[in-house]
Amino acid sequence: MLVMICDDDINIANYIKSLIEKNYDENIKVNTYNTVDKLEHSIFNKEIPNAIIMDICVEKSNGIDALKKVRKYIPRTPVIFITGYTEYCQDIFIDFNPFGLLTKPIDSQKLYFYIDKIISQYKSDQPLNVEISANGQKINIDKNDIIFLESKERKVIYHTKLEKYEEYIKLDNAMNKIDNSFLRCHKSYAVNLKYISDFSKCKISLTNGNYIPVSRSYYEKVKRQIFEYKASKIGL
């Protein structure tokens, strides 16, 4: 994971770097820059950050305008702005909608709060391969692409965004390969929680327009797990 920090006061950039390195392990790499040009040069040379921490005013230039130029190359990268001028705060959220805002002097706990959220987002975006045996060969499927599992005639069918894969395996054993982001809703079905759009006592509606049956014996568990999942996504 790569974090880029840009502040024309390199001492501040290095201080933030030291806070991150002190509180997190070596899996986070931190690069510091004291000019927007150097930051842009790294990004345009395919050094893609997982997060950017940047002063709003760098070398008397506007950090918001500078990042707008590179955002089209990294549209999903979280940006945390640094400012010593609270009067800029309203414009930041109107013009850019950043991931977070740090005011000077830097509050380390607020910084850690933002970094923790970025790490969580980063980990959830990483592919988690599930190995299955299909058509006589081993195949790796990204767990995030699996919409639901269907048990049929001693096989489990892995329904993904693009294809279906069949494996001779029990549904219980197939679910043991993946984490608790899958919900068992029927003796023959389990569904990826991220693809649920709605549910009722007899079915689950999926984001792709399909439906999965819910059996009576699983309904209360289904309801509880869906509510817990949705609550976790909004920080409850």
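The values are calculated or read from the model by the stated rules, or taken from the named source; none is laboratory data. Everything numeric here is computed off the predicted structure, so don't read it as measured data. All Cβ positions, even for glycine, are placed from backbone atoms using ideal geometry, and neighbour counts span all protein chains on display. Calculation scope for accessible area: heavy atoms of the full protein, side chains included, ligands and nucleic acids excluded. Shrake-Rupley method; radii C 1.70, N 1.55, O 1.52, S 1.80 Å.
So here's what we get for this one:
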{"item": "Selection count, the stretch 189-236, where residues are in a loop (DSSP other than H, G, I, E, B), open to solvent by less than 30 Å² (accessible area, probe 1.4 Å) and of a type in the set (S, T, N, Q)", "result": "1"}
{"item": "Residue pairs meeting the criteria (Cβ under 6 Å; at least 6 apart or on separate chains; first over 11 Å from E167 (Cβ atoms) and at pLDDT 85 or above, in the stretch 127-153; second outside any loop (DSSP other than H, G, I, E, B) and among the charged types (D, E, K, R))", "result": "N140/E131"}
{"item": "Meets criteria (modelled with pLDDT under 75 and either surrounded by 15 or more Cβ atoms within 10 Å (Cβ to Cβ) or more than 21 Å from K123 (Cα to Cα) (or both)) for T35", "result": "no"}
{"item": "The lone exception for L19 - which of (1) of a type in the set (A, V, I, L, M); (2) surrounded by 13 or more Cβ atoms within 10 Å (Cβ to Cβ); (3) in contact with a strand residue (DSSP E or B) (Cβ under 8 Å, 6 or more places away or on another chain) it fails", "result": "(3)"}
{"item": "Only listed residue being surrounded by 11 or more Cβ atoms within 10 Å (Cβ to Cβ), at pLDDT 75 or above, at negative phi and touching a strand residue (DSSP E or B) at 6+ places or on another chain (Cβ under 7 Å), chosen from I80, I74, I92, I106", "result": "I80"}
{"item": "Residues of the stretch 38-66 classified as part of a helix (DSSP H, G or I) and either loosely packed, with under 13 Cβ neighbours inside 10 Å or modelled with pLDDT under 75 (or both), total", "result": "6"}
{"item": "Subset of the stretch 154-187 that is among the hydroxyl-bearing types (S, T, Y) and in contact (Cβ under 8 Å) with a residue 24 or more places away in the chain - its residue that is farthest from E228 (Cα to Cα)", "result": "Y168"}
